[in-house]
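Step one of this worksheet: look at the structure below.
The values are calculated or read from the model by the stated rules, or taken from the named source; none is laboratory data. As the structure is a prediction and not an experimental result, all values here were calculated from the model. Note: ideal-geometry Cβ built from the backbone for every residue, glycine included; neighbour counts use all protein chains shown.
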Amino acid sequence: MSDTVHAWYFSMSDRRLGFGDGRPIELGTVHTHDGTPVLCGPGLHASERAIDAFKYAPGLVLWRVECGGTVVTGDDKIACTERTYVAGGVDASSLLRAYARWCALSVVHLWACPDVVARYLVTGDETLAVAARVDVWVPVRDAAGGAARAAAWSATRTAAGGAARDAAGAAARAAAWEAEEDEWEAAEDAARECQAAQFEAMCEALIAGDCWWENDNE
């Protein structure tokens with residue numbers, strides 16, 4: 001396959017290729033790979049969905065890329081011989097924290113969320129984070145509520161990447177356990193798809209410079 005594919009890529013904060021390569025990454029740069037690209041092996045990688053790119057992210061700097069040359073496409077990853085950086089190069093930390101809070105808020109109705117926790121999830125006010133981490137540990141009697149509480153706790157974490165991953169996972173589990181037993185898998189899949197759509201929209205906004213989640217915190 002040789003068609004150009006538009007995709008997403010996360011790099012380390014030093015904006016260089018990893019695995020001992022070290023080539024710098026800048027807007028307009030075209031990196032090439034000699035040889036046959038292999039999924040999860042040799043080659044330059046990216047993902048067509050932002051949520052999949054985040055799954056493999058070595059760092060939190062977000063890029064929009066075009067994959068060309070020889071392109072091999074898998075379920076959630078692309079391997080190619082030519083990757084062009086066409087937009088982005090921006091730190092996604094604030095996006096990931098906002099996304100974590102959004103995931104937690106999507107299931108906040110499943111437990112008796114304390115006021116300070118709810119205010120933190122809505123505003124992202126970091127002066128409330130410590131109190132929220134303490135008050136989040138209210139008793140919860142059912143699995144769905146416990147997972148929803150775990151999502152809220154994850155959203156208060158300092159590490160943006162870990163907060164986003166863990167809050168999303170816990171929120172998806174909460175959505176599954178809220179459903180009837182024979183619908184657990186379908187409910188979790190639906191929650192994951194909703195999360196993916198939200199994450200994609202937020203990444204598009206970040207690339208465009210419309211960081212609405214930061215404005216909400218003013």
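Would you point out the residue of the stretch 48-63, among those that are assigned to a loop (DSSP other than H, G, I, E, B) and touching a residue at least 60 places away in the same chain (Cβ under 8 Å), that is farthest from Ile78 (Cα to Cα)?
Initially, the stretch 48-63 is screened for residues assigned to a loop (DSSP other than H, G, I, E, B), giving 48-49, 56-60.
Restricting the remaining residues to those that are touching a residue at least 60 places away in the same chain (Cβ under 8 Å) gives 49, 57, 60.
Working: Arg49: 10, Ala57: 13, Leu60: 19 Å.
Looking at residues that are assigned to a loop (DSSP other than H, G, I, E, B) and touching a residue at least 60 places away in the same chain (Cβ under 8 Å), I get Leu60.
Any idea which residue in the stretch 97-154 is nearest to Trp212 (Cα to Cα), counting only those that are outside any helix (DSSP H, G or I) and not hydrophobic (A, V, I, L, M, F, W, C)? Give the steps one after another, and end with the answer.
At the first step, the residues of the stretch 97-154 found to be outside any helix (DSSP H, G or I) are 106-107, 111-114, 124-125, 136-142.
Then keep just the ones that are not hydrophobic (A, V, I, L, M, F, W, C); that gives 106, 114, 124-125, 139, 141-142.
Numbers: Ser106: 18, Pro114: 25, Gly124: 12, Asp125: 14, Pro139: 34, Arg141: 36, Asp142: 34 Å.
Top of the filtered list is Gly124.
Would you point out the residue of the stretch 67-98, among those that are of a type in the set (S, T, N, Q) and more than 30 Å from Val122 (Cα to Cα), that is surrounded by the most Cβ atoms within 10 Å (Cβ to Cβ)? Steps first, please.
Quick first cut of the stretch 67-98, residues of a type in the set (S, T, N, Q) only: 70, 73, 81, 84, 93-94.
Filter once more, keeping what is more than 30 Å from Val122 (Cα to Cα): 70, 73, 81, 84.
Details: Thr70: 16, Thr73: 17, Thr81: 21, Thr84: 19.
Residue satisfying both the conditions and the ranking: Thr81.
So Arg49 clears everything in (1) surrounded by 15 or more Cβ atoms within 10 Å (Cβ to Cβ); (2) touching a strand residue (DSSP E or B) at 6+ places or on another chain (Cβ under 6 Å) except one condition, right? Which one?
(2)
Look at Ala112 and say whether it is assigned by TED's automatic domain parsing to the domain that holds Glu178, within 28 Å of Cys203 (Cα to Cα) and small (Gly, Ala, Ser).
On the way: assigned by TED's automatic domain parsing to the domain that holds Glu178: yes; within 28 Å of Cys203 (Cα to Cα): no; small (Gly, Ala, Ser): yes.
So Ala112 fails the test.
Kindly indicate which of Leu60, Leu110, Leu44 is crowded, with 16+ Cβ neighbours inside 10 Å, touching a Gly at 6+ places or on another chain (Cβ under 9 Å), farther than 30 Å from Gly146 by Cα and modelled with pLDDT of 95 or more.
Leu44
Give the residues of the stretch 155-167 that are surrounded by 18 or more Cβ atoms within 10 Å (Cβ to Cβ), of a type outside the set (D, E, K, R) and part of a helix (DSSP H, G or I), sorted by residue number. Before you say what the answer is, go through the steps one by one.
Step one: filter the stretch 155-167 for residues surrounded by 18 or more Cβ atoms within 10 Å (Cβ to Cβ), giving 155-157, 160-161, 163-167.
Checking the rest, the ones that are also of a type outside the set (D, E, K, R) come to 155-156, 160-161, 163-164, 167.
Across the stretch 155-167, the qualifying residues are Ala155, Ala160, Gly161, Ala163, Ala164, Ala167.
Quick one: how many residues across the stretch 57-72 are closer than 21 Å to Gly209 by Cβ and touching a Pro at 6+ places or on another chain (Cβ under 7 Å)?
0
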